[in-house]
Structure formats: C-alpha cells, structure tokens
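Working notes for the structure below.
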Amino acid sequence: MTRHPRIERYGLIGDLQTSAHVCDDGSVDWLCLPRFDSPAVFARLVGEGEHGSWRIAPAASADDAGCEVAAERRYVGDSLVLESVWRTATGVVRVTDFMPPRKGEPQVVRIVEGLTGEVAMVSAMRPRLGYGRIYPWIHEVGGRMVAEAGADALWLDAGVQQVEKDGNVVSAFTATPGEVQAFMLSWCPSHAPAPDVADAEAALAQTLAYWSDWTQQCTYNGPYREAVVRSLITLKAMTYAPSGGIVAAPTTSLPEEIGGGRNWDYRYTWLRDAATTLGALLGTGYVEEAQAWRRWLLRAVAGDPENLQIMYGITAERDLPELELPWLPGYEGSAPVRVGNGAAGQLQLDVYGEAIDLLYLAHLSGVARCADTAVLHQRLIEILARRWQEPDEGIWEVRGARRHFVHSKVMAWVAVDRTIRLVEAGALDMDLVALIELRDAIHQEVCEKGYDPVRNTFTQSYGSKELDAATLLIAATGFLPPDDPRVIGTVDAIQQELATVDGLVARYRTSGTTAGVDGLAGDEGTFILCSFWLVDALALTGRAEEATALFERLLALRTDLGLLAEEYDPVQRRQLGNFPQAFPHMGMVHSARLLERLAAESATSTSAPALPAPCSAQDRAGRMPQHA
C-alpha cells in the first residue's frame with residue numbers, strides 16, 4: 001500500500017470552481033475536474049499511486065516510493081500561488097503551481113525554474129479518471145499530449161518532449177538558471193475542440209493580480225492579520241464563483257480517525273457552513289460573496305421552503321446520493337471512500353438560525369434586502385414556528401436516533417430573535433407580538449429542559465447527561481449574557497469533560513467500538529472549530545488572557561502554509577479530516593475579530609469593562625449578537 005503523506009504536507013491551489021492538492025514532494029494527488037464535486041482525475045490522496053497523480057520533482061526522488069520534500073515552500077504574498085524550492089547536490093530549482101481564476105477551461109499551471117547549478121527533473125503525470133478507476137486513452141495530437149476517456153479530455157502542454165510510458169505522460173529535462181519550463185494541464189469535454197495553449201507567464205501575472213486586488217478589500221487590520229488574511233483566502237478558494245455556492249471542504253473521505261470509517265464527502269454547500277463562512281467574510285469587508293450566496297439560497301430553496309435541505313450541490317442540486325467507492329483503499333487504509341452525502345435528507349433545525357442570522361448580518365453590513373428574500377425569510381419562520389419542538393439530527397448530523405438537541409433549539413431562538421430585530425428596524429413586515437411570544441417560548445423551554453442544575457451546565461440534548469461543545473455558543477449568540485452562571489458553568493464543564501489540557505475540544509464523547517449518541521462506531525480527533533468556540537467563550541466571560549493563549553496555541557496547529565483540517569489528533573499530533581475545511585478558518589477569523597474588539601473596548605475604558613447585565617425576555621431583542 002502507498003505510504004500516504006500526512007495531511008499537513010499538502011498545499012491548496014484553486015480557480016474558484018475547483019482546486020488541487022499539491023504535496024511537498026511535488027505531487028498533485030487530488031484534482032476534480034471541472035468542478036469541486038466532479039470525479040477526481042488524480043485520486044492518490046484517498047487511494048494508491050495507480051489511482052492517479054502528477055509529480056514534478058528532482059529525478060532522484062520522482063518515483064512513488066520517494067519521499068524527498070521541497071526544502072522550502074510558501075504562498076507568493078497574499079495569493080493562492082504556491083512556490084516550492086528544492087536544494088539538491090547539483091543545484092537549486094523552483095516549481096510554481098497555480099490555477100488561474102477561470103475564464104474558459106480549468107487549468108493547472110506548473111512553472112519550473114532553475115535557480116543555481118543543474119538539476120535533473122522529471123514530470124510524471126498519471127491520469128486516472130472516474131476517481132482512479134478509468135484508464136484513459138493517451139495519445140499525441142499536433143505535438144500535444146491528450147488523455148481521453150468518455151466525456152473528459154485532459155490536455156498537457158509542455159515546452160519539453162513528452163512521451164507516453166505505461167499509462168503515464170513523462171518528461172525528463174534539466175533545470176538550469178535562466179531557463180523556464182512551463183507545464184499546463186487543461187480540461188475540456190472530449191467532444192470539444194482542443195483548448196488553446198495558454199501563456200504561462202501571463203496567466204501567473206493575472207492570477208497574482210487577481211488575489212492582490214481581492215485581498216486589498218480586507219478591512220481587518222488588527223492583531224494576527226497575516227493569519228486572518230490567509231484564512232480568508234482559503235475560504236474564498238472554497239467558493240464556486242458561477243453560482244455563489246461554498247463547499248465545506250474540497251475533499252472527500254479524509255478520515256476523522258486513521259483506519260476508521262468516519263469518512264465523509266464535504267464537497268457540497270451546507271447552509272450552516274456557508275452562512276458562517278460568509279459571516280467571516282462579511283465581517284472583514286467582503287459583501288459581494290454574501291450577495292452571491294443570497295441569490296444561490298433563493299435558487300436552492302426555490303418555491304419549496306417546506307422541504308428545506310441542510311445541504312445542496314454547489315449549483316443548488318438537491319439529490320446527493322451517498323455511494324462508496326470500493327476500488328479506493330482510503331487514506332492510510334481508512335475505508336470506505338464515499339461520494340455524495342446521505343445527511344442531505346436530515347432535519348437540522350439549527351440551519352434556520354444560521355441562514356437567518358447571516359441575512360441579518362448582511363443587513364447590518366449594508367446589503368440591501370430584496371422582496372424575494374423577505375418572502376423566503378417569512379416562510380422559513382412560519383415553518384420553524386411549526387417545527388421547532390421536533391427532535392432532529394442536530395449540528396453534528398448524527399446517524400442515530402433524533403433528539404431534542406439544545407444547540408438546535410438555541411439556533412431556532414436565534415432565527416426568531418434576528419427576525420424580530422429586522423422587523424423593529426423596518427426591514428421586514430411580520431407580526432412582532434407573535435414573534436416575541438415565540439422567542440420567549442423557545443428560550444423558556446431550553447432553560448428548563450436543556451440545563452442540568454446539579455452540574456450547572458447545559459447538556460447536549462433534553463434529559464441527557466452528555467455534553468456538547470456547541471453549547472459554548474450560547475453566550476456568543478446572545479441567548480444568555482456571558483456573566484450568567486449557567487454560561488460560566490457550561491464553559492467550565494466543557495473544559496473539564498471535553499477538552500485536553502491544551503484546550504483542544506472534542507465535539508462530544510464518542511464511544512469507541514460501539515455506536516454512541518451519533519449512531520457510529522469509532523472515535524475521532526478534537527474538533528478545531530470547537531476550540532475556537534472555547535476561545536470566544538473564555539473571552540466573553542472575562543478570561544481574555546486565557547483566551548488569547550489558547551488562540552495562539554491553535555494558530556500553532558496550522559501547517560507551514562497556514563492551513564487547517566477539520567480535526568486534530570493531540571496524541572499523534574497530526575491533522576485529521578477533510579482539508580482544508582472552512583469551519584476552522586472561519587472560526588479563526590471570528591476569534592481574531594472578537595479578541596481585537598474586546599481588547600479595544602478594554603483599552604478605551606478607565607477600568608476593566610463590565611460584562612453585560614443579564615437580559616430579560618423583553619430586552620433581549622435589543623441586544624446585538626456577540627459575534628456581530
């Protein structure tokens with residue numbers, strides 16, 4: 001079996017419609033074309049060498065067994081252009097990898113430059129379409145190499161000789177100072193004319209200019225700005241520009257436990273993930289993305305909000321059947337590899353809160369409301385008013401029995417609370433008295449049924465003894481003020497029962513070999529977003545020094561390129577899960593902004609800032625959300 005590089009060794013490049021994972025050994029091991037959710041043409045990331053990859057590296061380490069890594073790698077400035085530098089015994093060579101923001105066909109461009117001496121190089125592209133299952137027909141057309149299978153064609157252009165060898169497209173050449181060799185891989189439908197040969201240097205200049213223009217719109221200038229900007233770029237890279245949809249992650253089936261079966265496809269648009277991601281973008285000056293997503297939401301829900309799904313395809317597809325790919329062994333033997341996601345049919349009441357909270361934040365950010373959005377908003381609230389007392393699968397998409405998850409009820413409260421604020425601001429026309437009664441009813445039930453007075457903590461679900469990291473959001477949403485003893489007790493309980501000594505937080509307790517509350521066997525790592533939630537909860541409850549220390553420990557978990565996966569294994573000290581994932585990058589942006597805001601408030605006061613007083617049901621409507 002192929003020895004898989006650690007997830008941390010991969011860099012991300014993309015064109016705002018799909019992306020590629022480039023290992024520090026020079027190999028592109030994951031690429032789906034032409035979209036994020038298309039079948040992979042390189043699937044070695046969750047398979048073996050035979051399932052497709054494209055490596056450009058010094059010849060001495062260019063076979064599958066080689067593990068020589070680039071001595072240095074970095075993103076060029078605030079961009080998604082990746083540079084890798086090898087220092088060999090005979091010289092130094094640089095490879096620049098990027099995908100130009102798309103105007104026509106998707107392209108991966110790889111530019112090789114000799115810096116000193118002479119370095120023997122090899123490019124070996126092994127295309128395997130259909131997630132590594134299909135061997136294409138590789139042949140030459142007019143001096144260009146093309147790999148065709150079914151509806152897909154991959155065209156590889158290079159300034160050096162290319163030959164087909166055992167199902168690979170191979171080039172051997174020498175990198176010397178002053179010489180540049182460009183390799184350009186383009187996709188197009190197999191029945192279409194061949195794509196034009198791109199000008200690699202012009203494409204590089206255009207790509208750098210795009211990212212420079214985009215990042216200059218960022219309004220955040222506080223502490224940790226470099227980390228914030230890198231996370232914003234990563235979030236932007238997960239947007240699908242033609243539709244406004246946002247993927248939760250650009251990969252599938254990277255495991256939450258090495259060798260385990262908690263392997264899911266994240267290449268779709270979750271309402272929750274997209275809304276919270278856009279909240280991070282809105283808070284740092286990016287309005288256009290929120291406008292595009294609002295149009296996506298209207299198309300996705302269409303005239304059928306009664307059957308609101310928790311996720312859709314990136315162009316709002318509803319059917320996302322979950323399948324297993326048995327020919328792929330999985331990352332480090334973590335099977336099965338899945339495509340599609342069966343959770344699309346779940347009931348998750350919290351998505352109403354996340355979606356409506358984003359519409360509220362968009363209003364605060366100056367995004368003009370439209371009549372169609374107002375109608376959709378009203379219908380969502382009408383549906384939530386009927387359904388909020390139902391059990392659901394919750395934020396973590398359990399595959400066991402439905403429960404009355406506390407976080408789901410809190411976010412139902414958020415949906416109504418933000419609606420009230422919009423009505424009071426004159427931006428929405430609804431029955432204010434009925435909304436206030438509904439908000440108070442939800443609040444009362446959660447406080448009565450979701451709180452354990454003996455342990456002084458909110459629990460995962462009504463009547464449960466289990467804890468859930470999602471209850472750390474109770475103060476951040478404004479459901480209760482941060483100085484409420486129940487909030488402080490919940491933070492303390494989660495630190496004691498779900499966190500490591502370093503503050504890394506698990507979502508909830510898993511049950512090992514038997515199915516637990518989530519209906520699944522096996523364990524998982526700590527959930528990085530939950531650790532950022534702990535940062536926020538500590539900061540809001542007046543423990544700023546502790547919050548800052550934890551925030552900086554979380555920053556240290558990032559890869560050398562500033563990327564974060566879904567989870568972290570504190571025992572093996574490695575990242576786990578789909579990579580990079582939007583959640584931790586969104587959480588990092590939110591936490592940095594919160595720490596900056598609280599520090600500024602403290603600096604402008606003559607004494608330590610007083611925590612907000614507890615609010616009654618009547619005045620909760622006027623409280624700004626803590627994360628806004």
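The values are calculated or read from the model by the stated rules, or taken from the named source; none is laboratory data. Small disclaimer: the values here were computed from a predicted structure and weren't measured. Don't worry about glycine lacking a Cβ; one is built from the backbone with ideal geometry, like all the others, and counts go over all protein chains shown.
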Specify the residue that is nearest to Gln181 (Cα to Cα); the eligible residues are those in region 120-138 that are surrounded by 21 or more Cβ atoms within 10 Å (Cβ to Cβ) and either charged (D, E, K, R) or not assigned by TED's automatic domain parsing to the domain that holds Val22 (or both).
Arg126
Within region 390-411, can one find any residue that is over 13 Å from Asp350 (Cα atoms), out of contact with any strand residue (DSSP E or B) (no Cβ under 7 Å at 6 or more places or on another chain), modelled with pLDDT under 95 and not small (Gly, Ala, Ser)?
yes
If the requirement is being touching a His at 6+ places or on another chain (Cβ under 8 Å), in the same structural domain as Arg272 (by TED's automatic domain parsing) and of a type outside the set (Phe, Trp, Tyr), which of these qualifies: Ala434, Ala415, Ala427?
Ala427
Confirm whether Arg295 is more than 23 Å from Trp533 (Cβ to Cβ) and in contact (Cβ under 8 Å) with a residue 24 or more places away in the chain.
yes
Out of Glu179, Glu164, Glu148, report the one residue that is surrounded by fewer than 20 Cβ atoms within 10 Å (Cβ to Cβ), more than 30 Å from Ala89 (Cα to Cα) and assigned by TED's automatic domain parsing to the domain that holds Gly49.
Glu148
Count, please, the residues in region 319-345 that happen to be within 20 Å of the chain's Cα centre (by Cα), of a type outside the set (Gly, Ala, Ser) and assigned to a loop (DSSP other than H, G, I, E, B).
4
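Do you know which residues across region 446-471 are of a type in the set (A, V, I, L, M, F, W, C), more than 29 Å from the chain's Cα centre (by Cα) and not in a loop (DSSP other than H, G, I, E, B)? Write out each step before concluding.
Kept after step one, since they are of a type in the set (A, V, I, L, M, F, W, C), are these residues of region 446-471: 446-447, 454, 458, 467, 469-470.
Cutting the leftovers down to more than 29 Å from the chain's Cα centre (by Cα) gives us 446-447, 454.
Passing the criteria: Val446, Cys447.
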Looking only at residues in region 312-323 that are surrounded by 14 or more Cβ atoms within 10 Å (Cβ to Cβ) and charged (D, E, K, R), which one is farthest from Ala275 (Cα to Cα)?
Glu322
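Closer than 18 Å to Ala192 by Cβ and at pLDDT 95 or above, is that true of Pro101?
Working: closer than 18 Å to Ala192 by Cβ: no; at pLDDT 95 or above: yes.
Spelling it out, it is not the case that Pro101 is closer than 18 Å to Ala192 by Cβ and at pLDDT 95 or above.
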Single match in Ile436, Ile474 (criterion: in a helix (DSSP H, G or I), aliphatic (A, V, I, L, M) and in contact with a strand residue (DSSP E or B) (Cβ under 8 Å, 6 or more places away or on another chain))
Ile474
Give region 232-287 a look and list any residue that's assigned to a strand (DSSP E or B), among the β-branched types (Val, Ile, Thr) and within 22 Å of Ser365 (Cα to Cα), or say none.
Thr239, Ile246
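Are any residues in region 452-465 surrounded by fewer than 19 Cβ atoms within 10 Å (Cβ to Cβ), in contact (Cβ under 8 Å) with a residue 12 or more places away in the chain and either under 17 Å from Asp484 (Cβ atoms) or out of contact with any Ser or Thr (no Cβ under 9 Å at 6 or more places or on another chain) (or both), and if so, which ones? Give the derivation first.
So the first thing to find is which residues in region 452-465 are surrounded by fewer than 19 Cβ atoms within 10 Å (Cβ to Cβ), and the list is 452-456, 462-465.
Imposing the further condition that a residue be in contact (Cβ under 8 Å) with a residue 12 or more places away in the chain reduces the set to 452, 455-456, 462-465.
Selection gives Asp452, Arg455, Asn456, Tyr462, Gly463, Ser464.
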When the residues of region 27-40 are filtered to those that are surrounded by 24 or more Cβ atoms within 10 Å (Cβ to Cβ) and touching a helix residue (DSSP H, G or I) at 6+ places or on another chain (Cβ under 8 Å), which remaining residue is farthest from Asp560 (Cα to Cα)?
Ala40
What is the one condition in (1) of a type outside the set (Phe, Trp, Tyr); (2) touching a residue at least 60 places away in the same chain (Cβ under 8 Å); (3) buried (at least 24 other Cβ atoms within 10 Å of the Cβ) that Pro481 does not satisfy?
(3)
Return the pair list, or none, for Cβ contacts closer than 8 Å from residues in region 99-112 that are farther than 19 Å from Ser84 by Cα to residues that are assigned to a loop (DSSP other than H, G, I, E, B) and polar (S, T, N, Q), at least 6 apart or on different chains.
Arg102/Gln17; Pro106/Gln17; Pro106/Thr18
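Does Gln346 fit the bill of being closer than 30 Å to His404 by Cβ and free of Cβ contacts under 8 Å to residues at least 40 places away in the same chain? Before you say what the answer is, go through the steps one by one.
Details: closer than 30 Å to His404 by Cβ: yes; free of Cβ contacts under 8 Å to residues at least 40 places away in the same chain: no.
The answer is no for Gln346.
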How many residues does region 457-492 hold that are among the basic types (Lys, Arg) and either modelled with pLDDT of 95 or more or not assigned by TED's automatic domain parsing to the domain that holds Ile395 (or both)?
1
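Being under 11 Å from the mean Cα position of the chain (by Cα) and over 30 Å from Pro570 (Cβ atoms), is that true of even one residue in region 245-263? If you could, list the steps in order and put the result at the bottom.
Applying the first criterion (under 11 Å from the mean Cα position of the chain (by Cα)) to region 245-263 yields 246-251.
Keeping just the survivors that are over 30 Å from Pro570 (Cβ atoms) gives none.
No: zero hits.
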Just give me the residues in region 382-420 being surrounded by fewer than 19 Cβ atoms within 10 Å (Cβ to Cβ) and in a helix (DSSP H, G or I), in sequence order.
Glu382, Ile383, Ala385, Arg386, Arg387
